[in-house]
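> This structure is in structure tokens; I'll ask about it shortly.
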Amino acid sequence: MKGAIKDMGIDNFGTVWPEWEIIELIGEGSYGKVYKAVREDHGISAYSAIKVISIPQNDAETESLRLEGLDETATKTYFEEIVKDFINEIKLMVSLKGTQNIVSVEDYKVVEKNGKIGWDIYIRMELLTSFNNYICDKKLTEKDVIKLGLDICSA
């Protein structure tokens, strides 16, 4: 599966967490992609969700800023601020580790890209079942819905 990592757009993953192997893409949003990963150690399999966020997301974002008149230094500063915002959010999530009903962040790395402006942010989190998969074969009762609402509020 190591060759398939490059096909999924995860350039530096092998150097970030070489002990983890990407199994599949499990989600995608406006800020990145989430992958299911496994680590094998002494016959024990551990699973995690790994979110990968690229800042900027593509070369067109950088070019757009340059067309607006920003030089290379200003462009880099602009994107560095976005990276700092993500790091602050990660710090908050790390501080909430162990809090009931909130996904746990296990580890993270920020890797600056070589040869161009940009960073890849890797966030390793506990692997959870998506809500849609959870309810796929279930009919939620009123009691189930109330419990879900209370769990969300307690988070």
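The values are calculated or read from the model by the stated rules, or taken from the named source; none is laboratory data. Everything numeric in this text was worked out from a predicted model, so none of it was measured. Note that we place each Cβ from the backbone using ideal geometry, even for glycine, and neighbour counts take in every protein chain shown. SASA here: full protein model, heavy atoms, side chains in, ligands and nucleic acids out. Shrake-Rupley method; radii C 1.70, N 1.55, O 1.52, S 1.80 Å.
> Using a 1.4 Å probe over the heavy atoms of the protein chains, calculate the carbon and sulfur portion of the accessible area of the chain as a whole percent.
Carbon and sulfur together cover 52 percent of it.
> Select from segment 46-115 those GluC sites (Glu not before Pro) which occupy a DSSP coil region and have at most 16 other Cβ atoms within 10 Å, ordered by residue number.
Taking segment 46-115 and a limit of 16 other Cβ atoms within 10 Å, the loop GluC sites (Glu not before Pro) found are 68.
> Here is a follow-up. Could you list, in their original order, any pairs among 36/113; 51/109; 51/138; 36/109; 33/147 whose Cα atoms are separated by more than 19 Å?
Long pairs (Cα-Cα over 19 Å): 36/113; 51/138; 33/147.
> Right, something else. Between 91, 36, 143, where does the largest GNM mean-square fluctuation fall for the chain, given springs only between Cα atoms within less than 10 Å?
Taking springs between Cα atoms under 10 Å, the residue moving most is 143.
> Would you mind working out the accessible area per residue for segment 19-155, using a 1.4 Å probe, and quoting it in Å²?
67 Å²
> Could you pull out every one of the aspartates and glutamates with an alpha carbon less than 15 Å from that of residue 143, ignoring same-chain neighbours closer than 8 positions?
151
> Once the dipole of the chain is set up with Lys and Arg at +1 and Asp and Glu at -1 on Cβ about the Cα centre, which of 99, 50, 17 lies farthest towards its positive end?
Of the listed residues, the answer is 99.
> What size of dipole, in debye to the nearest 20, comes out for segment 86-155 about its Cα centre when the only charges are +1 on Lys and Arg C-beta atoms and -1 on Asp and Glu C-beta atoms?
In total the dipole reaches around 80 debye.
> Residues with amide H under 5 Å of residue 119's amide H, sequence separation 5 or more or different chain, H placed in the peptide plane at 1.01 Å from N; which?
Residues meeting the criterion, in which the H sits 1.01 Å from N, are 55, 113.
> Treat every Asp and Glu Cβ in the chain as -1 and every Lys and Arg Cβ as +1, leave all other atoms uncharged, and give the resulting dipole magnitude about the Cα centre to the nearest 20 debye.
Result for the chain is approximately 440 debye, rounded to the nearest 20.
> Apply the Kirkwood formula to the chain: the hydrodynamic radius equals the inverse of the mean of 1/r over all pairs of different alpha-carbon atoms; give it in Å with one decimal.
Over the chain, the inverse of the mean reciprocal pair distance is 17.8 Å.
> By its C-alpha gyration tensor, with a ≥ b ≥ c as the square roots of the eigenvalues, how is segment 44-88 shaped: rounded for a/c under 1.5, else prolate for a/b larger than b/c, else oblate?
Prolate is the answer for segment 44-88, as a/c is 1.5 or above and a/b outweighs b/c.
> For a test of the definition: using alpha carbon positions, the gyration tensor, and the 1.5 limit on a/c, classify segment 89-132 as rounded, prolate or oblate.
Verdict is prolate for segment 89-132.
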